[in-house]
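Heads up: the structure comes next, in structure tokens.
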Amino acid sequence: MLEKALSGSNRYWAWIFFLLAVIGVGFIAYMKQLNEGLGITGLSRDVSWGLYIGQFTFLVGVAASAVMLVIPYYLHDFKKFGKIVILGEFLAVSAVIMCVLFIMADMGQPMRVANILLHPTPGSIVFWDVVVLNGYLLLNLIIGWTTLGADRKGVKPPDWVKPLIYLSIPWAVSIHTVTAFLYAGIPGRHFWLTAVMAARFLASAFAGGPALLIILALLVRKFSKFDPGTEAIQAIGKIVTYAMFANVFLLGLEFFTAFYSNIPGHMHPFQYLYAGIDGHDKLVPLMWTSSILAVVALAILVFPNLRRNEGILAFACVALFSSLWIDKGFGLIIGGFVPNMFEGVTEYWPTMLEALITLGVWATGFLLLTVLYKVAIAVREEDAAVEH
Amino acid sequence: MSMNRRQFITVAGISTVLGVGSASVIIGLGKSSLEAAQISPDPRALKAKRWGFVVDVSKLASDEDYRKCIDACHDIHNVPNNPNPMHEVKWIWKDTYEHTFPNVAEDKIMNVELQEKNFLLFCNHCANPACVRVCPTKATFKRKSDGIVMQDMHRCIGCRFCMAACPFGARSFNYVDPRPNIAKEKQNKTFPTRMIGVVEKCTACYERLAIGQQPACAEASNGAIVFGDLEDPDSEIRKLISEKYTIRRKPELGTQPGIYYVIGGGEHA
Amino acid sequence: MYNSGKIIAGLVVFFILATMPFLLNLGKASAKVETSIDTPEINALPVKQCVEPKEFMRSEHMQLLNEWRDQVVRNGNRIYESSNGNQYTISLQNSCMKCHSNKKEFCDKCHNYMAVKPYCWTCHIEPKENKS
């Protein structure tokens, strides 16, 4: 099936080469990081994780969100998702690959990464994250490829895929729960030490991932003959709306607990993120942008009439996705490190090289996504041609 | 992971067989003579159930007193003096009361003398270390023999999870190559440096304990830092703790830090 | 098979190219690597022997060093009793390199020949001789 990715329009190839160019630049930047160390980033002794780990966390959510299509289609026999579920599975594959790349980019000694397997440590959450992420990647790759292959031949997928599909549902929940546990079990980081962390992660994942999927589905319709289906897109819009409300609600709970309890350590990270501490306010504009975008997106999504207009829906999804990207891909990590363990403030801002490496990883993910979607679309277009 | 001698010989033996043209070596050496080979601790090594520290800040009067302890440690361990404060590497350092005890410091009307005190901070060698719990490779681990929280720089992959987990900010990461930032004339040729991409911290001078010496900071502190066995009721450190009022950093987190601070001045206990 | 002629010809060319280095050197004597143990410390030894016999050290020193490393850092064992009963302090910088103070003529020579790059020296300080 992969050969379908080798023929395409000029626009397709231009996009591919553009992505390759961005990857190339990111790779050169990474070579510099590999030689000189993570000192080329904006990270410090006090803020020891930043953009890379933020992106990793955010993308685990995007990967997990595929389950929002799998559950309705396979468990509730919601036929409308029949054509689009493959887009979710392939998005998950690309997102997990990006997660792995971001982790590698963040390692001080990436060539020693096999130590995680050579000296397995079940007490460490990272060990389990490696296990569940790789498992999830494999599951989605197998499920996506097999079902699409069967589709192409016009036959039903083989029976052995079904158990794998059912397994992928709790597995998707597990990847984001385990990722939340990376943070939520650390003593002394007040911002992260919250029992609703995993719940918040899942809520934001089930809002952000499907929002991205809506945007992708609309793009697919625009640039190909494959129509993922208006009703399917609308149904995802509903999912996004509910999940985003849940996410904002959970964030509200965090604010309540921090400020009503009035415990300084719990309030400080919020104060830093949304108001600044002693004039240290680098993240304040960003966090407010995130909040405003979230409100705008919800104000649109909550009205079915507005949501039904696909232009407006797309706008709301972009706003929502950006909002969550800032909140989870950036604020969530930095808020855990500021103030530091001595209640001092060291600020963090990514450097140019760090941003280029990050873009390079995103471009790699999009390249993979493009190729996988190209294959899926080609199969769908063939199907459509046969039906007519 | 530890290998016993038999496993070691097996591994050595198998790799020897695989090595081209060295089969004769096993016959000559493998079975009979290597059996005698042994690995053991130095008989001079200091032993304890759980090492800990008492830091009496009343005995640290001048800046010079702090400096002596810090330099003693940083010089023998080749700790680099990185120019960019973001990339700072430190095993032991001086900090204010407010920074040392942020959880109890929010009191504007407290004893001024105490508020203006400085403290010596280093790894607490906790009994329940959060850093060890999160490390995915056991690069940081608690020694079963004496409770020292060790850092194996050979195994560290630089994920920096331990830095996120340590509530005491005791850990430093090598963001840049440390070598150029260690003055040549100061370099301790008997101890390694580190490389980019690994985490380091105070190791309670495990290399000195192994040959019967006290930790460098304690030795240089003129009695301000007392090192001893927290599990031995008759040790000097236990006597100090039972006689004087001591506080530990962030005890509420349950890590059981192993540094007890004596503020001094009036005897509270 | 389509284009079988071209494919087979291509494979033959590839095979020849890939094995060229071996074919050209076939039958020739391979270059020998000579490491030096001519250091004042070694010359002063009554019996010029490392912690284990030469053949063992030559083929197994990496395993030995790895095991030593873990024993010292992880288990606190610093004394090695060798097969002939002598005791040695386990330390790359303070034992191995004390005798082999000629790293360039000893370690590097063979490592370069074998094209291996152990990164011991990014942390462990090499003996003075090499400081230029």
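The values are calculated or read from the model by the stated rules, or taken from the named source; none is laboratory data. Everything numeric here is computed off the predicted structure, so don't read it as measured data. Cβ: placed from backbone, ideal geometry, glycine included. Neighbour counts: every protein chain shown.
Values for this structure:
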{"item": "Residue within the stretch B:198-206 that is within 14 Å of chain A (Cβ to nearest Cβ) and outside any strand (DSSP E or B) present", "result": "yes"}
{"item": "So C:ASN66, is it of a type outside the set (Val, Ile, Thr) and either at the interface with chain B (Cβ under 7 Å from one of its Cβ atoms) or in a loop (DSSP other than H, G, I, E, B) (or both)", "result": "no"}
{"item": "Residue match in the stretch B:164-187 (condition: under 30 Å from C:SER101 (Cβ atoms), surrounded by fewer than 24 Cβ atoms within 10 Å (Cβ to Cβ), within 7 Å of another protein chain (Cβ to nearest Cβ) and at pLDDT below 95)", "result": "yes"}
{"item": "Conditions (1) over 24 Å from C:HIS111 (Cα atoms); (2) outside any helix (DSSP H, G or I): number failed by C:GLN49", "result": "(1)"}
{"item": "Residues being closer than 16 Å to B:LYS49 by Cα and either within 12 Å of chain A (Cβ to nearest Cβ) or in contact with a helix residue (DSSP H, G or I) (Cβ under 7 Å, 6 or more places away or on another chain) (or both) - total across the stretch B:111-128", "result": "3"}
{"item": "Number of positions in the stretch A:100-126 that are assigned to a helix (DSSP H, G or I), buried (at least 19 other Cβ atoms within 10 Å of the Cβ) and within 14 Å of chain B (Cβ to nearest Cβ)", "result": "9"}
{"item": "Residue under evaluation A:THR230, criteria (1) more than 24 Å from A:ARG189 (Cβ to Cβ); (2) surrounded by 16 or more Cβ atoms within 10 Å (Cβ to Cβ), criterion not met", "result": "(2)"}
{"item": "Any hit, the stretch C:25-48, residues being touching a helix residue (DSSP H, G or I) at 6+ places or on another chain (Cβ under 8 Å) and within 14 Å of chain B (Cβ to nearest Cβ)", "result": "no"}
{"item": "Conditions (1) touching a residue at least 24 places away in the same chain (Cβ under 8 Å); (2) within 17 Å of B:PHE122 (Cβ to Cβ): number failed by B:ALA164", "result": "(2)"}
{"item": "Condition check for A:GLU382: surrounded by fewer than 19 Cβ atoms within 10 Å (Cβ to Cβ) and not hydrophobic (A, V, I, L, M, F, W, C)", "result": "yes"}
{"item": "Qualifying position, being in contact with a helix residue (DSSP H, G or I) (Cβ under 8 Å, 6 or more places away or on another chain), of a type in the set (A, V, I, L, M) and in contact (Cβ under 8 Å) with a residue 40 or more places away in the chain, among B:ILE148, B:ILE196, B:ILE182", "result": "B:ILE148"}
{"item": "The stretch A:265-277, subset touching a residue at least 40 places away in the same chain (Cβ under 8 Å) and assigned to a helix (DSSP H, G or I), residue farthest from the chain's Cα centre (by Cα)", "result": "A:GLY265"}
{"item": "Selected residue (criterion: nearest to the chain's Cα centre (by Cα)) from residues of the stretch A:125-156 that are over 28 Å from A:GLY360 (Cβ atoms) and free of Cβ contacts under 8 Å to residues at least 24 places away in the same chain", "result": "A:THR146"}
{"item": "One residue from A:LEU133, A:LEU87 being under 22 Å from A:VAL62 (Cβ atoms), within 14 Å of chain B (Cβ to nearest Cβ), aliphatic (A, V, I, L, M) and surrounded by 21 or more Cβ atoms within 10 Å (Cβ to Cβ)", "result": "A:LEU133"}
{"item": "Residues of the stretch C:80-94 satisfying the condition of being free of Cβ contacts under 8 Å to residues at least 24 places away in the same chain, surrounded by fewer than 19 Cβ atoms within 10 Å (Cβ to Cβ) and either of a type outside the set (S, T, N, Q) or more than 10 Å from chain B (Cβ to nearest Cβ) (or both)", "result": "C:GLU81, C:GLY85"}
{"item": "Breaking point among (1) more than 9 Å from chain B (Cβ to nearest Cβ); (2) surrounded by 18 or more Cβ atoms within 10 Å (Cβ to Cβ), for A:TYR183", "result": "(1)"}
{"item": "Flag if B:PHE141 is surrounded by 20 or more Cβ atoms within 10 Å (Cβ to Cβ), in contact (Cβ under 8 Å) with a residue 60 or more places away in the chain and in the same structural domain as B:LYS250 (by TED's automatic domain parsing)", "result": "no"}
{"item": "Any hit, the stretch A:67-78, residues being in a loop (DSSP other than H, G, I, E, B) and surrounded by fewer than 16 Cβ atoms within 10 Å (Cβ to Cβ)", "result": "yes"}
{"item": "One residue from C:ASN77, C:ASN102 being assigned to a loop (DSSP other than H, G, I, E, B), more than 10 Å from chain B (Cβ to nearest Cβ) and buried (at least 19 other Cβ atoms within 10 Å of the Cβ)", "result": "C:ASN102"}
